[in-house]
Amino acid sequence: MDASKRIRDAISRVSELRQIGSQDADLSRALSEVKGWQAKRFSNSYQDLLASPIYSGCANFFLEELYSARDYSQRDAQFAKVAVAIELTFPAQVMDIAVTLAELHQTTEELDLEMAKSWQGLGKKTPSVRYIESWLKVGQRGKREWQLDTVLKIGWELAALTRKRSLRLLLKMMRRPAELAGLGELQVFLETGFDLFSELARNSNAVNEFIDNIRKRESQWIDDLFNTNATHKAKNAQSCDWAFRA
């Protein structure tokens, strides 16, 4: 399957999932709350990186672009409309990131919608426990691990692009053509990611340490939740509540 078709298929699925979520007001509200608490979990789990003079740029980039409750409708619409133009406008390495980002977004939306459905039935519990128990009920460890691996892949791909010195100039030259082609959101994502990872790379081994921090903490989160059985789910949910405390 060619890259542009993969993008179109992923974004089409995201649009379908959003339509399902918007058809019911309670489900739509639950979905918004799930996304909000996911962003809160990331913010609390990575307070040290978000406050670090070395890592804060990339940490905030990950939070905003991959973990936030932000509405990505505009970026999705651009991807779906001009997926073929991405292949013609951007280098192959950039196209790989675009495909990865679209497919990550699809998987995240699928998991979020399932969590929102579970969230609706847990109204008497605290939001943090509702989030954790919804996470456990949805399960799908394989998808969660793929999700993490894909986030890390995007980080490594952005870091690899910073070693191509001519690419930053090329991105700058492509800014206007990208805007005319309807690719402004993707252009901003790439330029911001490139600049932040370039800055991080100036510190010895900082890129490796940043991505390894994400890997270790998210892997631990997955292990803490999945390495349990039904009898201990409630206890485990309480023990993971640390992720939501400021």
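The values are calculated or read from the model by the stated rules, or taken from the named source; none is laboratory data. Small disclaimer: the values here were computed from a predicted structure and weren't measured. Every residue, glycine as well, gets a Cβ built from its backbone with ideal geometry; the counts of neighbours run over all protein chains shown. Ligands, DNA and RNA are excluded from the accessible area calculation, which covers all protein heavy atoms including side chains. Shrake-Rupley method; radii C 1.70, N 1.55, O 1.52, S 1.80 Å.
Any chance you could count how many residues in the range 23-45 are without any contact (Cβ under 8 Å) to a residue 60 or more places away in the chain and among the hydrophobic types (A, V, I, L, M, F, W, C)?
Residues flagged as without any contact (Cβ under 8 Å) to a residue 60 or more places away in the chain and among the hydrophobic types (A, V, I, L, M, F, W, C) within the range 23-45 amount to 3.
Which of the numbered conditions does Thr150 fail, given that it passes all the others? Conditions: (1) more than 19 Å from the chain's Cα centre (by Cα); (2) surrounded by fewer than 21 Cβ atoms within 10 Å (Cβ to Cβ).
Unmet condition: (1).
It is to be established whether one or more residues within the range 6-18 are open to solvent by less than 30 Å² (accessible area, probe 1.4 Å), at pLDDT 85 or above, under 15 Å from the mean Cα position of the chain (by Cα) and more than 15 Å from Thr100 (Cα to Cα).
No, the range 6-18 contains no residue that is open to solvent by less than 30 Å² (accessible area, probe 1.4 Å), at pLDDT 85 or above, under 15 Å from the mean Cα position of the chain (by Cα) and more than 15 Å from Thr100 (Cα to Cα).
State the number of residues belonging to the range 145-162 that are over 23 Å from Trp135 (Cβ atoms), part of a helix (DSSP H, G or I) and of a type outside the set (Gly, Ala, Ser).
We begin by selecting, within the range 145-162, every residue over 23 Å from Trp135 (Cβ atoms); these are 156-162.
Filter once more, keeping what is part of a helix (DSSP H, G or I): 156-161.
Those left that are additionally of a type outside the set (Gly, Ala, Ser): 156-158, 161.
Within the range 145-162, residues that are over 23 Å from Trp135 (Cβ atoms), part of a helix (DSSP H, G or I) and of a type outside the set (Gly, Ala, Ser) number 4.
So how many residues does the range 203-221 have that are hydrophobic (A, V, I, L, M, F, W, C) and either out of contact with any Gly (no Cβ under 9 Å at 6 or more places or on another chain) or without any contact (Cβ under 8 Å) to a residue 12 or more places away in the chain (or both)?
Restricting attention to the range 203-221, the residues satisfying the condition of being hydrophobic (A, V, I, L, M, F, W, C) are 206-207, 210-211, 214, 221.
If we keep only those that are either out of contact with any Gly (no Cβ under 9 Å at 6 or more places or on another chain) or without any contact (Cβ under 8 Å) to a residue 12 or more places away in the chain (or both) as well, we get 206, 221.
Number satisfying all stated conditions: 2.
Quick check on the range 52-63: of everything there that is free of Cβ contacts under 8 Å to residues at least 12 places away in the same chain and in a helix (DSSP H, G or I), which residue is most open to solvent (accessible area, probe 1.4 Å)?
Per the criteria, the residue is Asn60.
Just to be sure I understand, how many residues within the range 98-147 are among the β-branched types (Val, Ile, Thr) and under 17 Å from the mean Cα position of the chain (by Cα)? Quick ask: steps written out before the conclusion?
Of all residues in the range 98-147, those among the β-branched types (Val, Ile, Thr) come to 99-100, 107-108, 126, 129, 132, 138.
With under 17 Å from the mean Cα position of the chain (by Cα) added as a condition, the list becomes 99-100, 107-108.
Total meeting the criteria: 4.
Taking the stated definitions as given, is Glu145 modelled with pLDDT of 80 or more and open to solvent by 40 Å² or more (accessible area, probe 1.4 Å)?
So Glu145 passes the test.
Among (1) surrounded by fewer than 15 Cβ atoms within 10 Å (Cβ to Cβ); (2) in contact (Cβ under 8 Å) with a residue 40 or more places away in the chain, where does Leu49 come up short?
Evaluating Leu49 over (1) surrounded by fewer than 15 Cβ atoms within 10 Å (Cβ to Cβ); (2) in contact (Cβ under 8 Å) with a residue 40 or more places away in the chain leaves (1) as the failure.
Hey, can you tell me all the residues within the range 203-246 that are at pLDDT 55 or above and surrounded by fewer than 11 Cβ atoms within 10 Å (Cβ to Cβ)?
Scanning the range 203-246 gives Ser204, Asn205, Lys216, Asn227.
For Ala39, indicate whether it is farther than 26 Å from Leu88 by Cα, under 16 Å from the mean Cα position of the chain (by Cα), surrounded by 15 or more Cβ atoms within 10 Å (Cβ to Cβ) and among the small types (Gly, Ala, Ser).
Numbers: farther than 26 Å from Leu88 by Cα: yes; under 16 Å from the mean Cα position of the chain (by Cα): yes; surrounded by 15 or more Cβ atoms within 10 Å (Cβ to Cβ): yes; among the small types (Gly, Ala, Ser): yes.
The answer is yes for Ala39.
When you go through (1) at pLDDT below 85; (2) open to solvent by 40 Å² or more (accessible area, probe 1.4 Å) one by one for Ile97, which number turns out not to apply?
Failing condition for Ile97: (2).
Test Ala69 against the criterion of being modelled with pLDDT under 90, open to solvent by 20 Å² or more (accessible area, probe 1.4 Å) and touching a helix residue (DSSP H, G or I) at 6+ places or on another chain (Cβ under 8 Å), and give yes or no. Give the derivation first.
Working: modelled with pLDDT under 90: yes; open to solvent by 20 Å² or more (accessible area, probe 1.4 Å): yes; touching a helix residue (DSSP H, G or I) at 6+ places or on another chain (Cβ under 8 Å): yes.
Against the criterion (modelled with pLDDT under 90, open to solvent by 20 Å² or more (accessible area, probe 1.4 Å) and touching a helix residue (DSSP H, G or I) at 6+ places or on another chain (Cβ under 8 Å)), Ala69 qualifies.
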